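Working notes, structure below.
The values are calculated or read from the model by the stated rules, or taken from the named source; none is laboratory data. These numbers were taken from a predicted model, which means no experiment stands behind them. Note that we place each Cβ from the backbone using ideal geometry, even for glycine, and neighbour counts take in every protein chain shown. The accessibility values were calculated without ligands, DNA or RNA, using every heavy atom of the protein model including side chains. Shrake-Rupley method; radii C 1.70, N 1.55, O 1.52, S 1.80 Å.
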Amino acid sequence: MRLTASPRRLRPLLSVFAGLALMIAFSEATNPAISDAGSVQVHALKSKLERRLTFDGGASLLSYNFAWSVAADESNRVHVVWYDNSSGNSQIYYKRSTDGGLNWETEIRLSEDPAFREHPAVAVSGSHVYVVWHDSRSGGLNIFFKRSTDGGATWGPDFQLTGTGADAHASIAASESQIHVVWGDNTTGHAEIYTRRSTDFGATWDGERRLSDLPFDSWVPTVAVSGKDVYAAWVDTRDGNEEEYLKRSTDGGRSWGPDTRMTHNAANSWAPSIAVSGRTVHFVWFDQKDSPAQPLDAERRLDEAMALLGLRVEPPPEGVMVPNPEEAARRGATERLQLIQAAAPVWIERGGDGARLQSIMRELQELGSQGASYLVKERKLDEAIKLMGLTYIPGPREDLPKVYYLDAMRVRVQDKMQQIQAAAPRWVQSGGDAETLESIFREFEIVMNFATTEWEIYYTRSTDSGDTWGPDTRLTNAPDFSQRPSIALSGRRLSVVWFDGRDGNSEIYFKSSRDEGATWSPDARLTDAPGDSMHPSVAASGKWAHVVWFDRRDGNAEIYYSRIKSK
């Protein structure tokens, strides 16, 4: 950012943090058990087949990686679910192949009324196929369940699993007659993880059970089952950042053991996916722990610039869920305005500069007409408070709504950029060193780039049903983000898919292990489409891995499928 005395030369750097929505997540170590873990070498996939599954004008989208959008059974059937808005509101769709993915039948719309439905997940057990999703038909969002008892040929009625109106993002797993569903619920004001189970193929259901602990937010749950062992995992905020947690039941979900913290680092860890067979449990997620910088490190560079310009710097709030900065500013502006209005008559009567106060109020009104944020309005009201010699004491803030810390940071960073942009020309004209300020901004850009791109995929396993865990294995080492891994297991063969930004846009990548995670193949690029390819999901059966994703090569989001033969 080149700074001169002319304000026209100043420009905000807001594009630097366009990727902050994650979000959606320091010294590099290599593991000798990983093939190609320290390299970005990419191998071509052999025995790959690709099919386009959707053909309409709407956006066809898949659930996130902690739920499965594809399932495969022992009868060579492959089942895929997605949601599509071509009819207006999002609806749930299903499609199957009965020959291992070579040919596909006509899609079936699983939802019929005009309610809003999204993020379906699928599981299979023999000839039973199960689908869950969140749905607006009963007010708010609730989790619904649907089953087929003939391999997906026909479907029974919907069954409503939840009724709070604050339930979303379900994941489902099945084994023999057992079905286990987990989801997120915000009824208490905190996001928490809940579960329900059926032991008779979905004919009846036990009551719901909360798996996570108040008052900390927990989200993005996943579930897997092997015999009587059931595993649920999620992201938890109890440690002041986002960490992976796992919980196990050894009696088919009747009771649950203590939580196991799976990650231990100051960075954010996100969105787990689990595969389990017998006593071996496989756990993948994406993490920023090897990034040289975190998002708040970038904001601190802006704080350096503000301090250099003599601007007031407020420390960021601690935690993952923090007070909504715009709502806090709205309340602060209201309190300030009330204080000014109450004191103004006496202050003017005693000789206060009423004309200057009136000018500030006109400026405040103009800011409102320009759509200025409440953070900007607060500072304008502070001018009046200083003019009048008043002391402003904020009221209680405990009841302020909370937002994800990156959302709050985005608001703060934009506000700080605006302050710096406004103050820098005068500061430079007064003799300030523009090169020093430019250096700080260059550091800000570098640090923000690291903080928004350095996400990698990690893996760990337990061979004793989750009692103990092996070391973390870093599966990717790409020059850009690697996010949302999905894992599947067939025999001793593991398959992991994710989407990756190393190619300039998002592409789907694949990695496999033939020895239950002891060693891994190099990264293999699965897609080469002109638009972004995202949110892959993988299932495995026999010698095949079945992968679905959506991409925008056709002008809108469509569902694609590929199968990959295990070596």
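A few notes on this one:
- Residue match in segment 445-460 (condition: farther than 30 Å from Leu337 by Cβ, open to solvent by 60 Å² or more (accessible area, probe 1.4 Å) and modelled with pLDDT of 95 or more): no
- For segment 458-498, the tally of residues that are under 18 Å from the mean Cα position of the chain (by Cα) and small (Gly, Ala, Ser) stands at 2.
- Segment 240-265, residues that are closer than 20 Å to Trp469 by Cα and part of a loop (DSSP other than H, G, I, E, B): Glu242, Thr250, Trp256, Gly257, Pro258, Asp259, Met262, Thr263, His264, Asn265
- In the set (1) over 17 Å from Ala173 (Cα atoms); (2) among the charged types (D, E, K, R); (3) modelled with pLDDT of 95 or more, the condition left unmet by Asp251 is number (1).
- Test: residue in segment 359-367 that is open to solvent by 60 Å² or more (accessible area, probe 1.4 Å), in contact with a Lys or Arg (Cβ under 8 Å, 6 or more places away or on another chain) and closer than 17 Å to Arg331 by Cα: no
- Hey, Pro272 surrounded by fewer than 24 Cβ atoms within 10 Å (Cβ to Cβ) and either hydrophobic (A, V, I, L, M, F, W, C) or within 22 Å of Gly184 (Cβ to Cβ) (or both) or not: no
- Candidate set: segment 375-420, residues that are within 27 Å of Ile340 (Cα to Cα) and of a type in the set (S, T, N, Q); chosen: the one surrounded by the fewest Cβ atoms within 10 Å (Cβ to Cβ): Thr391
- Residue identified as at pLDDT 95 or above, over 24 Å from Ala422 (Cα atoms) and not hydrophobic (A, V, I, L, M, F, W, C) among Gly332, Gly352: Gly352
- Unmet criterion (only one of (1) part of a loop (DSSP other than H, G, I, E, B); (2) open to solvent by 50 Å² or more (accessible area, probe 1.4 Å)) for Gly151: (2)
- Looking across segment 213-235, the residues that are of a type outside the set (D, E, K, R), surrounded by fewer than 24 Cβ atoms within 10 Å (Cβ to Cβ) and more than 18 Å from the chain's Cα centre (by Cα) come down to Leu214, Pro215, Ser226, Gly227.
- The residue of segment 240-256 that is nearest to Asp472 (Cα to Cα), among those that are crowded, with 21+ Cβ neighbours inside 10 Å and in contact with a Phe, Trp or Tyr (Cβ under 8 Å, 6 or more places away or on another chain), is Glu244.
- Residue match in segment 521-535 (condition: on the phi > 0 side of the Ramachandran plot and either open to solvent by 10 Å² or more (accessible area, probe 1.4 Å) or of a type in the set (A, V, I, L, M, F, W, C) (or both)): yes
- Elements of the type strands (runs of 3 or more DSSP E) sitting completely within segment 66-117 and holding at least 3 residues that are open to solvent by less than 10 Å² (accessible area, probe 1.4 Å): these cover 78-84, 91-97.
- Residue pairs meeting the criteria (Cβ under 6 Å; at least 6 apart or on separate chains; first more than 21 Å from Gln358 (Cβ to Cβ), in segment 320-341; second assigned to a helix (DSSP H, G or I) and open to solvent by 40 Å² or more (accessible area, probe 1.4 Å)): Pro325/Val411; Glu326/Tyr374; Glu326/Val411; Ala329/Tyr374; Arg330/Tyr374
- Residue in segment 421-444 that is within 21 Å of the chain's Cα centre (by Cα), outside any loop (DSSP other than H, G, I, E, B), surrounded by 18 or more Cβ atoms within 10 Å (Cβ to Cβ) and not hydroxyl-bearing (Ser, Thr, Tyr) present: no
- The helices (runs of 4 or more DSSP H) found wholly in segment 303-411 and carrying at least 3 residues that are under 30 Å from Ala191 (Cα atoms) occupy 325-349.
- Within segment 283-292, being part of a loop (DSSP other than H, G, I, E, B) and within 19 Å of the chain's Cα centre (by Cα) holds for Gln288, Lys289, Asp290, Ser291.
- Counting only strands (runs of 3 or more DSSP E) that sit wholly inside segment 187-239, not one has at least 1 residues that are over 19 Å from Ala121 (Cα atoms) and of a type in the set (Phe, Trp, Tyr).
- Among residues of segment 192-203, those that are open to solvent by 20 Å² or more (accessible area, probe 1.4 Å) and either out of contact with any Asp or Glu (no Cβ under 6 Å at 6 or more places or on another chain) or aliphatic (A, V, I, L, M) (or both), counted: 4
- Contact map, segment 274-290: first residue over 11 Å from Tyr231 (Cβ atoms), second residue among the basic types (Lys, Arg), Cβ cut-off under 8 Å, separation 6 or more or different chains; pairs are Thr280/Arg461; Phe286/Arg484; Asp290/Arg474.
- Residue within segment 57-79 that is at pLDDT below 95, within 29 Å of Trp219 (Cβ to Cβ) and of a type in the set (S, T, N, Q) present: no
- Looking across segment 154-170, just one residue is open to solvent by 30 Å² or more (accessible area, probe 1.4 Å), hydrophobic (A, V, I, L, M, F, W, C) and not in a strand (DSSP E or B), and that is Trp155.
- Inclusion of Ala174 among residues that are outside any strand (DSSP E or B), within 26 Å of Thr149 (Cα to Cα) and over 21 Å from the mean Cα position of the chain (by Cα) is not warranted.
- Of Leu475, Leu494, all but one fail to be touching a strand residue (DSSP E or B) at 6+ places or on another chain (Cβ under 8 Å), under 24 Å from Ile172 (Cβ atoms) and among the aliphatic types (A, V, I, L, M); the exception is Leu494.
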